[in-house]
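The structure under discussion appears below in the form of structure tokens.
The values are calculated or read from the model by the stated rules, or taken from the named source; none is laboratory data. The shown structure was predicted, so the numbers you read here are calculated from the model rather than taken from an experiment. A quick note on method: Cβ atoms are made from the backbone with ideal geometry, for glycine too, and the neighbour counts reach across all protein chains shown. In case anyone asks, the SASA skips ligands and DNA or RNA and just uses the protein heavy atoms, side chains included. Shrake-Rupley method; radii C 1.70, N 1.55, O 1.52, S 1.80 Å.
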Amino acid sequence: MQAFTLPDFYMPYPARLNPHLESTRAHSMSWARDMGMLDAPKPDGGVVWTEEALAKMDYALMCAYTHPDCDGPALDLITDWYVWVFFFDDHFLEHFKYSRDLSGAREYLDQLERFMTREGETASEPSNPAEAGLKDLWARTVPAMSSDWRERFIRSTHNLMVESMWELNNINIGRIANPIEYIQMRRRVGGAPWSANLVEFAAAAEVSDRFARTRQFEVLTDTFSDAVHLRNDLFSYQREVQEEGENSNAVLVFEKFFGIETQHAAEMVNDLLTSRVQQFENTALIEVPAVFLAMQALPDEQAKFAGYVKGLQDWQAGGHEWHMRSSRYMNEGAVTETPAVLGGPNGLGTAGITPGRLGLKVRAQQHSFTPFRPVGHLPLPELYMPFPTRVSQHYEAARDYLVDWGRDMGFYESGVWDERSLKMNDLAYCAARIHPDSDLEELKVSSAWLAWGTLADDYFPAVYGTSRNLAAAKAAVDRLKLFMPLDMGSVPKPVDAIERGLADLWQRSASSMPGPARTQLRAAVATMLDSWLWELFNQAENRVPDPVDYVEMRRITFGSDLTIGLARIPHWNVIPEEIYQTRVVRELETAAMDYACFTNDLFSYQKEIEFEGELHNIVLVIEQFLGVDRWQARDITADLMKARMRQFEHILANDFPVLFEEYGLDEEARTMLVDYAGKLKDWMSGVLAWHQEVDRYKEAELRRRQNPSALLPTGPGTSAAWRTALRV
């Protein structure tokens, strides 16, 4: 019996078959035999793979579907890579997942990683089929690609192998991830970013490094990866969860988090899969052409980027078709006919593809938002907060200072805030709780950063959102970046409060920083500014963001990277950068970010939805995506916050000690990393305390500000159009 009925799938691209399939089938079987994969023993007897089992899984068919246009030798090489990666997965399962041998697993992975050599390095002799396969594949692949691509491929292969430990640890303690943790960790362990790297090779479409660093490239790769993994989870639930006892599966994650039946969870996963594919389409068709124009892409760069996008589309379509045919997955009764070589969608899988109805359903959820609808006050449940709130002794002095600083910067002539607004928002109160141990000067600067960021966050949608003046917003963002020179050199003369505030803060914050910290700070501010443009573009399209895209972008629009960057500065020369890139620290940070961001979304719901016509709020995103009312969406948000906080606690209690030992951190580094985690605790508890105290989100204050006449600027340059644009 199948665990559930497979849902209808959204697939806008046709599946096609590479004509070199049969020769590649013969090649891949021979290669697996030569590498020793067909007689690799299992610990309890027997072998990991037999020739019959490999033939049934038919990875050559998968690669012929996912890479329909490459030549025979390229298809052979790509298929060998997939034979290797699936063998590695099954070999690792037999030797370490079933036995829960954590130390053996770590040693196995460390040794395997040494076969991904860089220029001038030589690999040792392999001792098992996984090592033999990787050594052979590495020598046949990387010489054809650039060093930038090689580094990306090393990183994704590293994640694919090493993050298997995350799955193993969770199985060992019976822990099921929360939905946000699962999506972002599945990218690291699931292998689809690795597949995307191979698309560049197979399609002869290596994306140049300057475009590979853009948000659009990252979104295309991430949406591709999420769709691949969610689809795989639907097909593999029965094998992984019911037969193998694994707990890293989106259907299971949704079952447990939402407390729903398996069939309902599968339908929900499929809706998210559809949403991610449509996010891919929106990025490829709308955002990428704009990036080409802005970055003055050369014809060859455009052609290769387009080839990469097409390669990802082919992979999605072909991967779906293969899942419907492979004996590895739950698909009984789905086969209908044999596909035609290089044909359109037909045969297995196409009966379950309904791009019209399903696609319209998800798109309607995203584009049916009615701005400024009256929603009323949203009473909040008790929010889980295990950490106490502390306050700086310099709070009152910082509060008084901030009023004068705001006047000096021209905040009260901005048209968005007056002096009463700044006092009511009381960002010094927030800073005093986020940074309870800071001295007075440090607290002044942190209070000013919070005030500047909050004013600018109010200013951009008020001035540019309502008017849909995206060109002016882009010009404003580009100009603001000029006020953050890395060499601390000259800057333009500020023309408004936003520019004046940033120019002042940059000089005061960055001048004494070491170069790496200054670069990090600038990148954090610049990324935040760019993220506000993302919000404006969504507003212009009346598009409620995809749930995953929203969560990941919300961290940036909220200024989380800026907060994190400032917190890291005291440790910059003690804690190695590689530590910050580990799963443990990154998951700790994103858990804290999400808790703080969702806190803001809960408290600001009425302000944003009813009074500002905003559509960037997690409560609204959940409403639209799940089709629930705001009360249910509120409770789901609170549950997500609790789950992220529980994950934060779990990491500190269980993963930090392992991280310390694994990287051999000395006492000073350990102390500073614990101190850094303490700053994240203060951040979360301080943000919650500030929201509970200030009047910024209370209905009486919102109604007072509904008529902005008292706040409008009256100096030179004021116009009727400006006055009309302001909504807050």
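One residue alone among 349, 333 is open to solvent by less than 20 Å² (accessible area, probe 1.4 Å), of a type in the set (Gly, Ala, Ser) and either over 30 Å from residue 686 (Cα atoms) or at pLDDT 80 or above (or both), and that residue is 349.
Yes or no, residue by residue, for (1) touching a helix residue (DSSP H, G or I) at 6+ places or on another chain (Cβ under 6 Å); (2) within 24 Å of residue 126 (Cα to Cα):
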residue: 139; (1), (2): no, yes
residue: 161; (1), (2): yes, yes
residue: 176; (1), (2): yes, no
residue: 199; (1), (2): yes, no
residue: 205; (1), (2): yes, no
residue: 227; (1), (2): yes, no
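For the range 510-532, the candidate set comprises residues that are surrounded by fewer than 21 Cβ atoms within 10 Å (Cβ to Cβ) and β-branched (Val, Ile, Thr); within that set, the residue that is nearest to residue 458 (Cα to Cα) is 527. Just give me the residues in the range 85-112 being under 22 Å from residue 151 (Cβ atoms) and surrounded by 14 or more Cβ atoms within 10 Å (Cβ to Cβ), in sequence order. Once the filter is applied, which keeps residues that are under 22 Å from residue 151 (Cβ atoms) and surrounded by 14 or more Cβ atoms within 10 Å (Cβ to Cβ), the range 85-112 yields 85, 88, 109, 111, 112.
Out of all the residues in the range 188-220, which are in contact (Cβ under 8 Å) with a residue 60 or more places away in the chain and β-branched (Val, Ile, Thr)? Correct list: 199, 207, 214, 219. Can we say residue 228 is over 16 Å from residue 7 (Cα atoms) and either touching a residue at least 40 places away in the same chain (Cβ under 8 Å) or basic (Lys, Arg) (or both)? Criteria not met by residue 228.
Hey, does the range 82-93 have a residue that's more than 28 Å from the chain's Cα centre (by Cα) and over 29 Å from residue 11 (Cβ atoms)? Looking for residues that are more than 28 Å from the chain's Cα centre (by Cα) and over 29 Å from residue 11 (Cβ atoms), one finds at least one in the range 82-93, hence yes.
Output the residue which, of all residues in the range 463-475 that are modelled with pLDDT of 90 or more and farther than 17 Å from residue 290 by Cα, is surrounded by the fewest Cβ atoms within 10 Å (Cβ to Cβ). Per the stated criteria, the residue is 463. Quick check, is residue 273 surrounded by 15 or more Cβ atoms within 10 Å (Cβ to Cβ) and part of a helix (DSSP H, G or I)? The answer is yes for residue 273. Residue 248 meets all of the listed conditions (1) at pLDDT below 95; (2) assigned to a helix (DSSP H, G or I); (3) of a type outside the set (Asp, Glu) but one, namely (2). Checking the range 375-394 against the condition returns no match, with no residue being open to solvent by less than 10 Å² (accessible area, probe 1.4 Å) and modelled with pLDDT under 70. When the criteria are applied in full, residue 659 meets the requirement of being modelled with pLDDT under 95, buried (at least 18 other Cβ atoms within 10 Å of the Cβ), in contact with a Ser or Thr (Cβ under 8 Å, 6 or more places away or on another chain) and assigned to a helix (DSSP H, G or I). The residue pairs whose first member lies in the range 420-438 and is touching a residue at least 40 places away in the same chain (Cβ under 8 Å), whose second member is open to solvent by 30 Å² or more (accessible area, probe 1.4 Å) and of a type in the set (S, T, N, Q), and whose beta carbons are closer than 7 Å, counting only pairs six or more residues apart or on different chains, are 433/389.
Residue pairs whose Cβ atoms lie under 6 Å apart, sitting 6 or more positions apart in sequence or on different chains, and linking a residue in the range 533-545 that is farther than 17 Å from residue 290 by Cα and open to solvent by less than 20 Å² (accessible area, probe 1.4 Å) to a partner that is part of a loop (DSSP other than H, G, I, E, B) and not hydroxyl-bearing (Ser, Thr, Tyr), are 544/369; 544/615. I'd like to know if the range 198-214 contains one or more residues that are in a helix (DSSP H, G or I), open to solvent by 20 Å² or more (accessible area, probe 1.4 Å) and under 22 Å from residue 589 (Cα atoms). No: zero hits.
Number of residues in the range 614-630 that are open to solvent by 30 Å² or more (accessible area, probe 1.4 Å) and without any contact (Cβ under 8 Å) to a residue 12 or more places away in the chain equals 2. Being in contact (Cβ under 8 Å) with a residue 60 or more places away in the chain and either closer than 22 Å to residue 205 by Cα or open to solvent by 30 Å² or more (accessible area, probe 1.4 Å) (or both) is a description that applies to residue 56.
Among the residues of the range 52-97, those that are more than 16 Å from residue 16 (Cα to Cα) and small (Gly, Ala, Ser) comprise 53, 55, 74. Out of curiosity, is residue 653 open to solvent by 30 Å² or more (accessible area, probe 1.4 Å), under 29 Å from residue 391 (Cβ atoms), of a type in the set (A, V, I, L, M, F, W, C) and within 26 Å of the chain's Cα centre (by Cα)? Yes, satisfied. Residue selection: residue 254 fails the criterion of being among the aromatic types (Phe, Trp, Tyr), touching a residue at least 40 places away in the same chain (Cβ under 8 Å), out of contact with any strand residue (DSSP E or B) (no Cβ under 6 Å at 6 or more places or on another chain) and closer than 13 Å to residue 192 by Cα. Residues of the range 167-202 being under 15 Å from residue 156 (Cβ atoms) and of a type in the set (Ser, Thr, Tyr), which ones? Hit for the range 167-202 is 195, nothing else.
Within the range 132-146, restricting attention to residues that are within 13 Å of residue 111 (Cα to Cα) and either at pLDDT below 95 or among the hydrophobic types (A, V, I, L, M, F, W, C) (or both), the residue that is most open to solvent (accessible area, probe 1.4 Å) is 132. Only one of the numbered conditions (1) within 30 Å of residue 308 (Cβ to Cβ); (2) open to solvent by 20 Å² or more (accessible area, probe 1.4 Å); (3) without any contact (Cβ under 8 Å) to a residue 24 or more places away in the chain is not met by residue 82, and that is (2).
Considering only residues in the range 565-598 that are open to solvent by 10 Å² or more (accessible area, probe 1.4 Å) and hydrophobic (A, V, I, L, M, F, W, C), the one that is modelled with the lowest pLDDT turns out to be 572. Select from the range 379-423 the residues that are out of contact with any Gly (no Cβ under 9 Å at 6 or more places or on another chain), of a type in the set (Gly, Ala, Ser) and part of a loop (DSSP other than H, G, I, E, B) and list them in ascending order. The answer is 392, 414, 415. Do you know which residues across the range 124-173 are of a type in the set (S, T, N, Q), closer than 30 Å to residue 585 by Cβ and out of contact with any Lys or Arg (no Cβ under 9 Å at 6 or more places or on another chain)? Of everything in the range 124-173, those that are of a type in the set (S, T, N, Q), closer than 30 Å to residue 585 by Cβ and out of contact with any Lys or Arg (no Cβ under 9 Å at 6 or more places or on another chain) turn out to be 146, 157, 170. Please work out which residue is farthest from residue 681 (Cα to Cα), limiting yourself to the range 435-462 and to residues that are under 28 Å from the mean Cα position of the chain (by Cα) and open to solvent by less than 10 Å² (accessible area, probe 1.4 Å). That would be 462.
Please give the helices (runs of 4 or more DSSP H) falling wholly within the range 457-575 in which 3 or more residues are farther than 30 Å from residue 640 by Cβ and out of contact with any His (no Cβ under 9 Å at 6 or more places or on another chain). It comes to 470-481, 497-510, 515-541.
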